[in-house]
Amino acid sequence: MIPPENSTERQLEMLAAVARRTGNAVIVTNAAAEIEWVNAGFERLTGFSQAEVLGRRPGEFLQGRETSLESRRLMARAIERGEPFEVVVLNYSKLGRQYWVRIDAAPMMDANGRPSGYIAIETDVTEQRIAEVREALLRDIGVELLSCQAVVEAARVIVDRMVQTFDVRAANIWVVEPGQPVLQHLAGAVFSEEASMWREVCADTSFRRGTDWIVGVGAPGVAWGTALPCQKTDFWEADKNGARSRRSEAAIRAGIRTLCAVPVLSAQGVTAVIEIGGSHSYPGFERLPQLVEQIAHHFGAFVLQRRNQDAYERLFQQSPDALLVIDDDACVHKLNRRARALFGLVEGKSVRELFDEALPLHPHAESSGDPESSTADLHGRRYDGAAFPVEVSIGETRVHGAAHTVLSVRDLTERRRQEDALRRSLAEKTTLVQEVHHRVKNNLQVISSLVSLQSARVDSPEVRAALAATSARIQSVALVHQLLYASDELAAIDLHDYLLSLTRSLQGSMGPDVRIDTSGEPVVVTVERASPVGLVVNELLLNAAKHGRDSEGRCRVEVSVRSIGEQVQISVRDHGPGYVVGNGRAGSMGQTLIRALCRQLRAELSYDAPTDGAGTLARLTFDRETDDPTSSR
């Protein structure tokens, strides 16, 4: 049997052989917690050689200011009881570099079963710890920002969280105010009382925008000017004259040796700068700017959201319409200034008290679709009890995640007054214009009657025929005013209806031997075009009645009107023997009048022989670009 002491030595030799092969740090201590042996992994991790640590307690030189007191107590209690323990703790290397290790320690027993020391395996978990702490910090900041209502509140959350989580002595946030030439201090936090002077100095300091680290610019100003993160690791160094600024003096007292400033970016450029101050020993110190960039992204998103909310609030309050936000109980949750002017202070009151009629409120729309909206004309009730006409638009929105109905109330009092005034004015003008058309029609009929009376006193058939033609022309013009007088549309006339009335009037004066058929489609033209068109058709019908009779002395004429694209075409066809324009009549009164009217209409008049029989076909074609008033409406 191997003596106990030989057994312990053999165990140590076996452990040493294994420990030399591992990359982790291995420590063997005696019953007094003094180091008896360490491996090469320990020397690489800590920077201490085995000769430097033999006989010393690990906690005396590996632990430091930021090492958790709770972790120290846990290890001390376990060693006192001779129990194994596992703990993650912050240690310091020989050069002062901080690192995180997970310690798995187990007691070694002597022959009597009493603890004779400990063997501990330390695993470097610095990278894992940094990642976990950063993820937790970003998550916690994101959660806390959800409950913040103001930018300064969000800034305080961020700086407090940073100094609580990391080995940073202080944190500041500087804001870029529109129109201001320097950064303004928004919020700051410090790790200890020694850093309080730093906080006070920073609160009284502002920085210009620049790209060089000079007086008045500093790390925040450089981050502002370059829109890039910047870091200064020799902040304690004096300037070339050996002098130090107030911030340098405060940094020395607070233990702040390095500064890191990161800009908060938006579409408008740099909106703020986050600055942290710490030491070189912090684990992951060199990657701190990347972490602060992520925090700056969170803060920038909050600032953008807050500014958008402020802009929406300004729009809400400055809206010319009364806006009321209604909750699920149909009570007023919020209202703008215009709503207060109309209804008074009605927060918390039922919206049904504000209107004389029932509101067509609808249930909240599903979040997957667009909110439905509706409009109703009602009568509101002013704060003094007076009723007034309103137009209410009902929609939906979300306020802090809850669905609310929004009423947009427009006071129609002035609009209704103006509409009534316009209707009265329009009615007066309509009556006046109709009266003008009526009087013109009457005057033209008087003139036509005078011409007819004169015709009865004339013996010459030629003169009598000329006077009859003149009377027909006057009647065609009078007919336009008669139709306008009876129409609701005072600026335009249906050409088909007009020609139908014109042909009926002419047929009555031409005798039973003349038959006129009118066909076609509705074509609306202006008054300025209707009169010359009627005169041209009048002349064509007179010519047909004179020259288009058949062998038995009867005359049948067909008149049609239709639209051809952007043009209007009127056809007049008789079934007589046919004739060619000219034949001694080119200089007649009728032909002269037709040519003048065609020039006025910019129209084309053509004569053709019908393909299906005898007679003459006259076609009047003119452009109708602006003839239809509805085309510009």
- prompt: Restricting to strands (runs of 3 or more DSSP E) lying wholly in the range 348-434: which have 1 or more residues that are open to solvent by 80 Å² or more (accessible area, probe 1.4 Å) and at pLDDT 85 or above?
  reply: 374-381, 402-411
- request: Would you point out the residue of the range 158-176, among those that are part of a loop (DSSP other than H, G, I, E, B) and modelled with pLDDT under 85, that is nearest to LEU265 (Cα to Cα)?
  value: PHE166
task: Could you tell me whether the range 594-603 includes any residue that is open to solvent by 30 Å² or more (accessible area, probe 1.4 Å), at pLDDT 80 or above and assigned to a loop (DSSP other than H, G, I, E, B)?
output: yes
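In this structure, does ALA195 turn out to be on the phi < 0 side of the Ramachandran plot, under 34 Å from the mean Cα position of the chain (by Cα) and small (Gly, Ala, Ser)? Even if it seems obvious, please write down each step before you answer.
On the way: on the phi < 0 side of the Ramachandran plot: yes; under 34 Å from the mean Cα position of the chain (by Cα): no; small (Gly, Ala, Ser): yes.
For ALA195, the condition - on the phi < 0 side of the Ramachandran plot, under 34 Å from the mean Cα position of the chain (by Cα) and small (Gly, Ala, Ser) - is not met.
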message: What's the number of the only condition in (1) open to solvent by less than 60 Å² (accessible area, probe 1.4 Å); (2) within 21 Å of the chain's Cα centre (by Cα); (3) aromatic (Phe, Trp, Tyr) that TYR312 fails to meet?
response: (1)
- prompt: Is it the case that the range 248-259 has a residue that's of a type in the set (Asp, Glu) and closer than 30 Å to ALA136 by Cβ?
  reply: no
query: Is there a residue in the range 264-276 that is among the hydroxyl-bearing types (Ser, Thr, Tyr) and under 17 Å from VAL176 (Cα atoms)?
result: yes
task: Provide a single number: the residues in the range 138-157 that are farther than 19 Å from ALA203 by Cα, open to solvent by 10 Å² or more (accessible area, probe 1.4 Å), in a helix (DSSP H, G or I) and among the aliphatic types (A, V, I, L, M).
output: 3
- request: Write out, first by first residue and then by second, each pair whose Cβ atoms fall under 6 Å of each other, whose residues are 6+ apart or on separate chains, and whose first residue, in the range 316-345, is under 20 Å from PRO389 (Cα atoms) while the second is surrounded by fewer than 14 Cβ atoms within 10 Å (Cβ to Cβ) and of a type in the set (Phe, Trp, Tyr).
  value: PHE343/TYR383; GLY344/TYR383
- prompt: Do any residues in the range 566-579 that are more than 10 Å from ALA544 (Cβ to Cβ) and among the hydroxyl-bearing types (Ser, Thr, Tyr) have Cβ atoms under 9 Å from those of residues that are in a strand (DSSP E or B) and open to solvent by less than 10 Å² (accessible area, probe 1.4 Å), where the two are at least six apart or on different chains, and which pairs are they?
  reply: SER571/VAL559; SER571/VAL561; SER571/ALA618; SER571/LEU620
- request: Considering each residue of the range 604-626, count those that are open to solvent by less than 80 Å² (accessible area, probe 1.4 Å), at pLDDT 85 or above and within 60 Å of the chain's Cα centre (by Cα), and give that number.
  value: 5
- prompt: Looking at (1) touching a Lys or Arg at 6+ places or on another chain (Cβ under 6 Å); (2) crowded, with 21+ Cβ neighbours inside 10 Å, which is the only condition ALA545 fails?
  reply: (1)
task: Might you check whether a residue that is touching a His at 6+ places or on another chain (Cβ under 8 Å), of a type in the set (S, T, N, Q) and open to solvent by 40 Å² or more (accessible area, probe 1.4 Å) occurs anywhere in the range 158-179?
output: no
message: Conditions first: (1) surrounded by fewer than 16 Cβ atoms within 10 Å (Cβ to Cβ); (2) among the polar types (S, T, N, Q); (3) at pLDDT below 90. THR8 passes all but one, so which condition is the exception?
response: (1)
statement: Of (1) among the β-branched types (Val, Ile, Thr); (2) over 18 Å from ALA272 (Cβ atoms); (3) part of a strand (DSSP E or B), THR211 satisfies every one except (3)
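From the list VAL273, VAL325, VAL332, pick out the single residue that is in contact with a Pro (Cβ under 9 Å, 6 or more places away or on another chain), open to solvent by less than 50 Å² (accessible area, probe 1.4 Å) and among the aliphatic types (A, V, I, L, M).
On the way: VAL325 fails: in contact with a Pro (Cβ under 9 Å, 6 or more places away or on another chain); VAL332 fails: in contact with a Pro (Cβ under 9 Å, 6 or more places away or on another chain).
On inspection, the qualifying residue turns out to be VAL273.
Considering only the range 84-123, how many residues are open to solvent by 80 Å² or more (accessible area, probe 1.4 Å) and not hydrophobic (A, V, I, L, M, F, W, C)? Step through it out loud before you land on a result.
In the first step, residues of the range 84-123 are kept if they are open to solvent by 80 Å² or more (accessible area, probe 1.4 Å); the result is 84, 86, 94-95, 97, 109, 112, 114.
Checking which are not hydrophobic (A, V, I, L, M, F, W, C) leaves us with 84, 86, 94, 97, 112, 114.
The number of residues fulfilling the criteria is 6.
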query: Counting only residues that are open to solvent by 30 Å² or more (accessible area, probe 1.4 Å) and not hydrophobic (A, V, I, L, M, F, W, C), which one in the range 294-309 is farthest from ALA387 (Cα to Cα)?
result: GLN294
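The values are calculated or read from the model by the stated rules, or taken from the named source; none is laboratory data. From a predicted model like this one, the values you see are computed outputs, not experimental measurements. Glycine also receives a Cβ, built like all others from the backbone with ideal geometry; neighbour counts cover every protein chain displayed. Accessible surface is based on the protein model in full, side chains and every heavy atom, while ligands, DNA and RNA are left aside. Shrake-Rupley method; radii C 1.70, N 1.55, O 1.52, S 1.80 Å.
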